[in-house]
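The values are calculated or read from the model by the stated rules, or taken from the named source; none is laboratory data. Treat the numbers as computed from the prediction; the structure is a model and nothing was measured. Ideal geometry is used to build each Cβ from the backbone, glycine not excepted, and the neighbour counts take in all protein chains shown. When the accessible area is computed, the model is the full protein with side chains, heavy atoms only, and any ligands, DNA or RNA have been set aside. Shrake-Rupley method; radii C 1.70, N 1.55, O 1.52, S 1.80 Å.
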Amino acid sequence: MSAVATEHLIKPHGGELVDRTGDAPADLGSLETVQLSSRELSDLDMLASGALSPLEGFMGQADYESVIESMRLSNGLPWSLPVCLAVDGAPSGDRVALTDEAGTPLAVLEVEGVYDYDKEREAELAYRTTDTAHPGVERLFSQKDKYLAGKVTVFERATPQFPELALDPVDTRRAFAERGWRRVVGFQTRNPIHRAHEYLTKVALETVDGLLIHPLVGDTKGDDIPAATRVACYETLVQGYYPADRVLVAAFPAAMRYAGPREAIWHAICRKNYGCSHFIVGRDHAGVGSYYGTYDAQLIFDDFEPHELDIEPMFFEHTFWCKVCGSMASTKSCPHGDDDRVVLSGTKVREMLGNGEVPPVEFTRPEVAEVLIEAYRS
Ligand SMILES: [Zn+2]
């Protein structure tokens, strides 16, 4: 490992970057096993890398209760979403092996306890709805009935879907330091980047040293655009339209929970661990359907004292090309009417791409449209 000084970057959440990787125990073969769901596997890998610092394992009851009630760990540190492992019942031993869906052991968990939880209550507090049409709530209601708590030691990391983009917090921090960045803005996305988001990442970049484009590549709901297509779009866009020494693209291995406001806080805290000092929060961040108000994911940051999260949220409006301004703009910066603005609905864009039509250059870069049209064809 190179010895690039990273002390000038923002401190990880809780002060120290957690590392929960280690060796497999000699008695691994004799341990009871617990098979993880895809969301739990994402969480496990993020526990291993320190992306969920200061968490060292799946949450115990005190942290869980405190998080769902007050968006804080039991020690008072802000934390907005449960990171829990659902099981049928208590294991017999004091350690269990955690396996992937194929049964391959990845980690050992030191059993701290098993506790009951109320799915309705978790849904109401964490997701603000108990409607099972909500994908996060649906998953919550379909999981097992107890939570297993304990520290994990991960000896087999998940095989990354995009090896060249698989950067742990320690790696992104080193990359930022090597580039001489101190202030870095993180951009969470689970969609291709069109002109609107290109614009707001660049507006943010104007005020800091570097930009981390950090697409979520864990589980998303079925109708989201596949990660491989999105990654191809990001690479094409960055190559053509961003200065190479000011931008880094890396994969964010989290699974979507679609918890809207609470997930916006959680996304910000995770990015702080990756070394970001700033975080872009658009309208309806991490939302789905119409479960959350347009600005809820921005307003929730006011539930914390200034600087308590440390990472600075940067709030944005919807942006668009305005024909009169002759530039990208938002309702905040452009006085013109709808007729002067190039705004296309998601449905309209999908329809155009599906027909092999390139949307207007004011809406999307032609190179990005090409990638998407190609993906629709195959
Ligand atoms: Zn205008």
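For the chain, the relative contact order works out to 17 percent when only alpha carbon pairs closer than 8 Å and six or more residues apart are counted. With respect to the chain, whose longest principal axis is taken over its alpha-carbon atoms, helix 38-49 is tilted by about 80°.
Put simply, the amide H of residue 95, placed in the peptide plane, has neighbours under 5 Å in 111, leaving out anything fewer than 5 places away on its chain. How big is the charge dipole of the chain about its Cα centre, in debye rounded to the nearest 20, if each Lys and Arg gets +1 on its Cβ and each Asp and Glu gets -1 on its Cβ? For this selection, approximately 1020 debye.
Ligands, DNA and RNA excluded, the heavy atoms of residue 362 present near 60 Å² of accessible surface to a 1.4 Å solvent probe. For the stretch 250-328 versus the stretch 48-66, the inter-centroid distance based on Cα atoms is 22 Å. Principal-axis analysis of the Cα atoms of the chain puts helix 261-273 at an angle of about 80° to the longest axis.
What ranking of 277, 37 comes out by heavy-atom accessible area, probe 1.4 Å, highest first?
Details: 277 15, 37 45 Å².
Heavy-atom accessible area, descending, gives 37, 277.
Residues in the stretch 239-378 average 45 Å² of solvent-accessible surface per residue, probe 1.4 Å, ligands and nucleic acids excluded. Using a 7 Å offset from Cα along Cα-Cβ at residue 305, what residues in the stretch 69-84 end up with backbone N under 11 Å from the label point? Output list for this probe position: empty. Taking the Cα centre of the stretch 187-327 as reference, the dipole from Cβ charges on Lys and Arg (+1) and Asp and Glu (-1) amounts to some 480 debye.
Taking amide H as placed 1.01 Å from N in the peptide plane, residue 191 has no amide H partner under 5 Å among residues 5 or more places away or on another chain.
Site pair residue 142 and residue 56 shows an inter-label distance of 3.5 nm when each label is modelled 7 Å from Cα along Cα→Cβ.
Arrange the residues 164, 367 by how much accessible surface each exposes, largest first, with a 1.4 angstrom probe.
Details: 164 115, 367 75 Å².
Largest accessible area first, the residues go 164, 367.
If the chain linking residue 171 and residue 191 were pulled fully straight, counting 0.36 nm for each residue of separation and taking away their Cα-Cα distance, it would gain 4.8 nm. Distance between the 7 Å Cα→Cβ label points at residue 125 and residue 294: 3.1 nm.
Surface analysis of the stretch 31-184 yields an accessible area of 41 Å² per residue, using protein heavy atoms and a 1.4 Å probe.
The heavy atoms of residue 307 offer some 140 square angstrom of accessible surface to a 1.4 angstrom probe. The candidates 201, 319, arranged from most to least accessible area with a 1.4 Å probe in the full protein assembly, appear as 319, 201. Take the alpha carbon gyration tensor of the chain, find the square roots of its eigenvalues, order them as a ≥ b ≥ c, and report rounded if a/c is under 1.5; if not, report prolate when a/b exceeds b/c, else oblate. It comes out prolate by the Cα gyration axes.
Each Lys and Arg Cβ is given +1 and each Asp and Glu Cβ -1; about its Cα centre, the stretch 147-260 then shows a dipole of about 320 debye.
With the cut-off at under 17 Å, measuring from each backbone N in the stretch 201-240 to a point 7 Å along the Cα-to-Cβ line of residue 38 picks out 216-231. Computed from label points 7 Å out along Cα-Cβ, the spacing between residue 209 and residue 161 is 3.1 nm. Can you bin the stretch 269-378 into rounded, prolate or oblate? Criterion: square roots of the alpha carbon gyration tensor eigenvalues sorted a ≥ b ≥ c, rounded for a/c under 1.5, prolate for a/b above b/c, oblate for the rest. Prolate, since a/c reaches 1.5 and a/b exceeds b/c. If both residues of a DSSP beta bridge must be in the chain, then about 55% of such bridges are antiparallel. Between amide H atoms placed 1.01 Å from N, distances below 5 Å from residue 58 occur with 150, 152, all of them 5 or more places distant or on a separate chain.
Given the options 205, 220, 281, identify the residue whose Cα lies farthest towards the positive end of the charge dipole of the stretch 192-307 (+1 on Cβ of Lys, Arg; -1 on Cβ of Asp, Glu). Going by the charge dipole, the pick is 220.
When the solvent-accessible area of the stretch 250-311 is split by element, carbon and sulfur atoms take up 45 percent of it, the probe being 1.4 Å.
Can you tell me how the stretch 195-341 classifies by the Cα gyration tensor, rounded, prolate or oblate, using a/c under 1.5 as the rounded cut? Rounded, because the longest to shortest axis ratio a/c is under 1.5.
In plain terms, the chain from residue 376 to residue 348 could stretch by 8.7 nm, reckoned as 0.36 nm per residue minus the Cα-Cα distance. Positive-end ranking of 328, 294, 8 along the dipole of the chain, with charges on Cβ about the Cα centre, is headed by 328.
Within the stretch 321-341, what residues put their amide N at less than 15 Å from the label point 7 Å along the Cα-to-Cβ vector of residue 358? Zone members listed by number: none at all. Farthest towards the positive end of the charge dipole of the stretch 99-209, among the residues 140, 123, 163, is the Cα of 163, using unit charges on the Cβ of Lys, Arg, Asp and Glu.
Karplus-based coupling profile of the stretch 140-147, in residue order and whole Hz: 4, 5, 8, 8, 5, 8, 10, 10, with θ = phi - 60° in 6.51 cos²θ - 1.76 cosθ + 1.60 and x standing for Gly or Pro.
Ligands, DNA and RNA excluded, the heavy atoms of residue 246 present near 100 Å² of accessible surface to a 1.4 Å solvent probe.
Set the Förster radius R0 to 25 Å, insert the Cβ-Cβ distance between residue 90 and residue 225 as r into 1/(1 + (r/R0)^6), and round the FRET efficiency to 0.05.
Efficiency for this residue pair is about 0.05.
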